[in-house]
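Input: a single structure, listed below in structure tokens.
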Amino acid sequence: MSIGNLGLQIEEPLLFEQGAPDKTGVDLPAPPPVADRLGGLARRAPIGLPGLSEPEVVRHFTRLSQKNYGIDVGVYPLGSCTMKHNPRLNERLARLPGFADIHPMQPVSTVQGALELIRTLTDWIVKLTGMPAVAMSMGAGAHGELCGLMAIRAALAARGDARRTVLVPDSAHGTNPATAHMCGYAVEPIPHNKRGRVDLAALKARLGPDVAAFMLTNPSTCGLFEDEILEQAAALHAAGAFFYCDGANFNALVGRVRPGDLGIDCMHLNLHKTFSTPHGGGGPGAGPVGAAARLLPYLPLPLVVGDGGGYRLADETDLPQSIGRLSAHGGNAGVLLRAYVYARLLGREGMQRVAEFATLNANYLMARLRQAGFEIAFPARRASHEFVVTLKALKETTGVTAMDLAKRLLDKGFHAPTTYFPQLVPECLLIEPTETESKQTLDAFVQAMQEILEEAQREPQLVKSAPHTTPVRRLDEVKAARELDLAWKPRAH
Ligand SMILES: *Cc1c(COP(=O)(O)O)cnc(C)c1O
């Protein structure tokens with residue numbers, strides 16, 4: 001049985017390619033001539049719209065809808081992305097008119113329910129992270145990072161401290177150095193040690209009066225929990241630097257560890273990952289930022305705060321040192337609503353089990369793939385919610401690369417894992433099954449991977465020339481990125 005989706009295999013021409021100018025899908029009487037009323041503005045030639053019948057149009061869009069590979073179709077093991085099931089209750093409640101039809105510029109007295117929801121979710125995030133203050137208005141994880149570093153920069157400026165450098169481990173997510181650079185900092189990498197963790201000695205050796213912050217991704221992109229965070233925090237604080245944590249992959253920790261207890265000064269979450277909302281081309285995100293008390297004065301506005309028995313939006317009079325506004329309004333309210341429903345649905349125990357099942361599934365899959373003959377890049381006793389496979393040896397013996405394997409997975413109806421990331425591991429796949437996949441699905445994925453490994457050894461060319469069943473085969477990805485051309489040009493009539 002294939003658990004994946006083979007709808008990708010259909011080739012579907014554009015409506016423009018299927019239609020013809022002389023066909024029509026409607027049967028209306030010819031309009032009276034209007035050309036004389038339009039004078040010189042009247043169109044002289046047809047505009048080139050395709051003519052199609054109604055069934056042709058219906059079938060076109062229905063077939064297109066089947067070409068998509070999404071989490072609602074099959075497992076989506078994209079490492080670091082947490083492509084997990086989005087409960088349908090989220091969607092139903094997000095469509096309630098009392099939430100869907102309100103506007104951010106309505107008087108706050110008319111949106112008390114929405115504000116209560118945001119405040120309640122904020123309080124839950126305070127509890128789960130152990131960070132005393134949380135700002136909710138950021139629209140993505142990277143946006144949260146920007147907010148965090150801007151708050152840190154403002155706090156340093158307020159104490160007259162012109163630190164210029166942000167340290168980022170080589171196992172961090174790529175958005176971390178990008179954010180630090182955007183904030184005007186010089187970025188310096190900190191290497192990893194033999195165990196795939198941040199090299200504590202290298203971090204300590206680099207600390208000094210010019211270091212503003214250290215940005216730690218935990219769990220890291222090596223699929224490992226960092227295990228010297230307390231020592232990192234002590235060293236950073238002794239050197240006057242801030243400790244930032246990229247918590248986008250909080251589904252590995254939620255309910256189990258509170259980063260605030262570990263000495264983290266500032267962190268973001270990705271609600272669209274950990275709290276289940278459609279993302280990655282499927283919808284917007286939310287990147288709330290949790291901050292230690294000493295960063296609270298600099299958080300962005302607006303913040304939803306209690307006011308007597310109700311709620312209001314805190315502004316510049318409440319927080320005169322705020323870094324300002326990072327969103328036009330309070331953030332992606334629909335994502336916050338779905339995250340609230342998700343947390344409410346699972347409750348305290350359920351949120352704990354998110355982390356347990358996320359790590360259990362990853363460790364099960366890692367163990368089964370190792371048994372099947374795959375090489376695990378960091379064979380730690382335990383992975384976090386994801387792990388890294390390296391095909392370096394396979395490439396040396398058969399010529400089959402990580403990209404070839406990823407393409408061959410498409411033939412078997414599976415979405416490929418993240419490839420060539422983290423960059424520190426050659427020929428790697430970063431695999432995150434997430435907590436919402438069943439054992440049956442994980443076993444089917446292992447079977448597909450095992451089949452490909454056997455093919456690679458027996459008939460490498462079959463894997464190297466994959467995919468065989470998709471409407472387009474190998475794309476020239478470099479050309480696609482360098483010479484982006486998304487416009488279809490009509491033939492001249
Ligand atoms: C996804 C991710 C990000 C970026 O989040 P966006 O919402 O895509 O901006 C940052 N760090 C890590 C570790 C991530 O997995």
Note: Thr469 to Phe16 extended length (0.36 nm per residue) minus current alpha-carbon separation gives 160.6 nm
Would you please state which residues of the range 48-91 a label at Trp488 would reach in this model, taking the label point 7 Å out along Cα→Cβ and a backbone N cut-off of under 19 Å? 48-69
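Taking the DSSP beta bridges in the range 88-344 as the whole, what percent of them are antiparallel, to the nearest 5?
Details: 12 of 30 bridges.
Bridges in the range 88-344 that DSSP calls antiparallel: roughly 40 percent.
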Which whole-number percent is the relative contact order of the range 325-428 (Cα, under 8 Å, 6+ apart)? 18
What's the Kirkwood radius of the range 88-344 in Å, using all Cα pairs? 18.6
Among Met267, Pro278, Val254 - extreme Cα towards positive end, dipole of the range 88-344, charges at beta-carbon: Pro278
When only C-alpha pairs under 8 Å and at least 6 residues apart count, what is the relative contact order of the chain, in percent? 19
Looking at the square roots a ≥ b ≥ c of the eigenvalues of the Cα gyration tensor of the range 297-366, which shape do they give, rounded for a/c under 1.5, prolate if a/b is larger than b/c, or oblate? prolate
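Classify the range 8-90: rounded, prolate or oblate, from the alpha-carbon gyration tensor (a ≥ b ≥ c, eigenvalue square roots; a/c under 1.5 rounded; otherwise prolate if a/b is larger than b/c)?
Prolate is the answer for the range 8-90, as a/c is 1.5 or above and a/b outweighs b/c.
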Return the distance in nm (one decimal) between the two label points of a simple spin-label model at Glu375 and Tyr420, each offset 7 Å from Cα along Cα→Cβ. 1.9
For Thr221, Thr470, give the ranking by accessible area with the largest first, probe 1.4 Å. Thr470, Thr221
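Set the Förster distance to 35 Å, then compute FRET efficiency between Arg63 and Glu451 from the Cβ-Cβ distance, nearest 0.05.
Values: r = 28 Å, r/R0 = 0.81.
Plugging the Cβ-Cβ distance into 1/(1 + (r/R0)^6) gives 0.80.
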In terms of Cα to Cα distance under 20 Å, which lysines are near enough to Lys127, apart from those fewer than 8 places away along the same chain? Lys273
Spatial separation of Cα centroids for the range 376-405 and the range 328-349, in angstrom: 36
DSSP beta bridge pairing in the chain, given as percent antiparallel to the nearest 5: 55
Using the C-alpha atoms of the chain, what convex hull volume per residue, in cubic angstrom, is computed? 211
Along Cα→Cβ, 7 Å out, is where each label goes; now give me the distance between the ones at Ser109 and Glu188 in nm to one decimal. 5.7
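According to the Kirkwood expression over distinct Cα-Cα pairs, how big is the hydrodynamic radius of the range 349-470, in Å?
Details: mean 1/r = 0.0683 Å⁻¹.
Kirkwood hydrodynamic radius for the range 349-470: 14.6 Å.
Remind me, relative contact order of the range 13-164 in percent, using alpha carbon pairs under 8 angstrom and six or more residues apart? Spell out each step's value before the answer.
Details: 57 pairs, mean separation 21.6, N = 152.
With pairs under 8 Å counted, the relative contact order is 14 percent.
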As a test question: what accessible area, to the nearest 10 Å², does Ile118 have when a 1.4 Å probe is rolled over all protein chains in place? 30
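Helices from the chain with mean Kyte-Doolittle at least 0.0 and a Cα length along the axis of 27 Å or more, per DSSP H: which?
On the way: long enough: 333-371 (44 Å, 0.12); 439-458 (28 Å, -0.53).
Once both thresholds are applied, what remains is 333-371.
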So how exposed is Ser80, as accessible area in Å² (1.4 Å probe, rounded to 10)? 10
Got a number for the accessible area of Glu483? Probe 1.4 Å, square angstrom, nearest 10. 110
Over what distance in Å are the Cα centres of the range 204-222 and the range 55-101 separated? 38
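Apply 1/(1 + (r/R0)^6) to the Cβ-Cβ distance of Asp315 and Val26, taking R0 = 30 Å, and write down the FRET efficiency to the nearest 0.05.
On the way: r = 53 Å, r/R0 = 1.77.
Plugging the Cβ-Cβ distance into 1/(1 + (r/R0)^6) gives 0.05.
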Consider a paramagnetic label point 7 Å from the Cα of Asp227 along Cα→Cβ; state which residues of the range 377-409 have an amide N under 13 Å from it. 379-384
With viscosity set to 0.692 mPa s at 37 °C, what whole-number translational diffusion coefficient in µm²/s follows for the range 135-184 from Stokes-Einstein and a Kirkwood radius over Cα pairs? 282
Just for the range 228-380, what percent of DSSP beta bridges are antiparallel, to the closest 5? 60
Those aspartates and glutamates that a straight Cα-Cα span of less than 20 Å connects to Lys479, excepting residues fewer than 8 apart in one chain: Asp404
Taking the Cα centre of the chain as origin and charging only Cβ (+1 Lys, Arg; -1 Asp, Glu), how large is the dipole, in debye to the nearest 20? 40
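Checking the a/c ratio against 1.5 first, then a/b against b/c, what shape does the Cα gyration tensor give for the range 176-231? Don't jump to the answer; show the numbers that get you there.
Values: a/c = 2.18, a/b = 1.39, b/c = 1.57.
Oblate shape, in that a/c is at least 1.5 and b/c is the bigger or equal ratio.
The values are calculated or read from the model by the stated rules, or taken from the named source; none is laboratory data. What you see is a predicted model, and the numbers here were worked out from it, not measured in a lab. All Cβ positions, even for glycine, are placed from backbone atoms using ideal geometry, and neighbour counts span all protein chains on display. Accessible surface areas use protein heavy atoms only, side chains included; no ligands, DNA or RNA. Shrake-Rupley method; radii C 1.70, N 1.55, O 1.52, S 1.80 Å.
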